[in-house]
Amino acid sequence: MKKLLLLTIISNMALGFVPRSFSTKYKQIVKNQLTGTPKESNGTFDYQYPGKLRLEQVGTDALVYVTNEKTTWYKRDGFMPGDPAEIVIHKGSDKGLSNFFDLLKSGLKTNKNYKVKDSEKYSVLVFEEKAVKDTGVIETKLVFKSTDKKFSNLSKIEINYADGKSVNLELSNIATNKKFQEKNFILQVPKGANVSYQ
């Protein structure tokens with residue numbers, strides 16, 4: 001009984017940084033790899049452990065991206081107003097951003113997935129080889145609003161990918177431990193959409 005209780009406590013500590021589910025608004029800034037010009041977009045994303053993510057981006061780069069353990073959907077509006085939506089569907093979970101948050105459940109201490117370099121208001125995570133393969137991320141910097149490094153105090157995530165891409169996510173309105181319906185992580189394909197499968 002004592003061993004079971006100890007395992008439960010250790011498990012909860014490991015899962016203590018990233019909540020089981022959350023929703024946040026974001027501003028994304030991506031630098032063009034050729035020109036270095038920053039490109040900005042805004043939206044919201046919902047996450048639920050394990051591997052469930054729904055991202056809705058607005059503006060000129062509007063898109064909806066949904067992934068769960070079985071299927072991934074990628075939806076863009078038609079090229080011109082009135083054109084049908086373009087949807088790509090592939091079997092299986094997309095291991096990018098959802099897997100990134102899954103791995104962060106290991107907490108802000110060095111572990112088998114990444115090494116942690118700490119400063120007062122940020123932590124730098126350097127990913128191990130297997131984690132790089134799983135996420136495409138080589139390094140990330142988590143910036144906090146204060147010295148209290150809890151997930152709800154995150155203000156920015158700077159992500160450096162193995163392909164050279166760099167993405168800054170500025171977070172706001174973080175709501176933790178949200179209760180999502182199962183359909184939130186399933187994309188309803190609109191009638192008349194152009195659908196392709198990968």
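The values are calculated or read from the model by the stated rules, or taken from the named source; none is laboratory data. Everything quoted here is computed from the prediction, not taken from an experiment. Counting neighbours? That spans all protein chains shown, and the Cβs are built from the backbone with ideal geometry, glycine included. Note: accessible area is taken over every heavy atom of the protein model, side chains too, but ligands, DNA and RNA are not part of it. Shrake-Rupley method; radii C 1.70, N 1.55, O 1.52, S 1.80 Å.
A few notes on this one:
- Summing Cβ point charges (Lys, Arg +1; Asp, Glu -1) relative to the Cα centre of region 92-182 gives a dipole of roughly 300 debye.
- Relative to the Cα centre, the charge distribution of the chain, modelled as +1 at Lys and Arg Cβ and -1 at Asp and Glu Cβ, gives a dipole magnitude of about 760 debye.
- Value in Å of the Kirkwood radius, where region 105-150 supplies the Cα pairs that are averaged: 10.9 Å
- Among [x] 0.99; [y] 1.07; [z] 0.96, the entry derived from the coordinates for Rg/Rh (Cα atoms, Kirkwood Rh): [x]
- Estimated at 0.36 nm per residue, the fully extended path between Ser152 and Ala62 surpasses their Cα-Cα distance by 29.8 nm.
- Placing unit charges on the Cβ atoms only, positive for Lys and Arg and negative for Asp and Glu, gives region 52-113 a dipole magnitude near 540 debye about its Cα centre.
- Estimated 222 nm signal from helices in the chain, with DSSP H stretches of n ≥ 4 weighted -39500 (n - 2.57), rounded to 500: -4000 deg cm²/dmol
- Signed unit charges on C-beta, dipole axis of the chain, positive-most listed residue Ala62, Val88, Val124: Val124
- Evaluated at q = 0.10, 0.16, 0.19, 0.21 Å⁻¹: base-10 log I(q)/I(0), Debye formula over Cα of region 52-149: -0.39, -0.80, -0.95, -1.03
- Residues in region 40-198 average 56 Å² of solvent-accessible surface per residue, probe 1.4 Å, ligands and nucleic acids excluded.
- q = 0.14, 0.22, 0.23 Å⁻¹, region 146-198: log10 I(q)/I(0) [Debye, one scatterer per Cα]: -0.75, -0.95, -0.95
- Calculated P(r) tail over 14 Å for region 23-69, as whole % of Cα pairs: 56 percent
- A cut-off under 15 angstrom between Cβ atoms defines the neighbours of Val195, and their net charge, with Lys, Arg +1 and Asp, Glu -1, is +1.
- Computed lengthening from Val189 to Ala85, 0.36 nm per intervening residue step minus Cα-Cα distance: 36.5 nm
- Region 121-198 and region 70-109 have Cα centres lying 11 Å from one another.
- Extent along principal axes [Cα atoms of region 107-198; Å; largest to smallest]: 52, 30, 22
- Solvent-accessible area, 1.4 Å probe, carbon plus sulfur percent, for region 54-198: 50 percent
- Average projection area in nm² (convex hull over Cα atoms of region 50-99, one quarter of hull surface): 3.6 nm²
- Residue (of Gly78, Pro50, Ser196) at the positive-pole extreme of the chain, dipole from beta-carbon charges: Pro50
- All aspartates and glutamates inside 16 Å of Lys52 as judged from Cα atoms, apart from same-chain residues fewer than 8 positions distant: Glu69, Asp94, Asp102, Asp134, Glu182
- Amide H contacts of Glu128 (H built 1.01 Å from N, in plane; Pro and chain starts excluded): Tyr114, Lys115 sit under 5 Å, all sequence-distant by 5 or more or on other chains.
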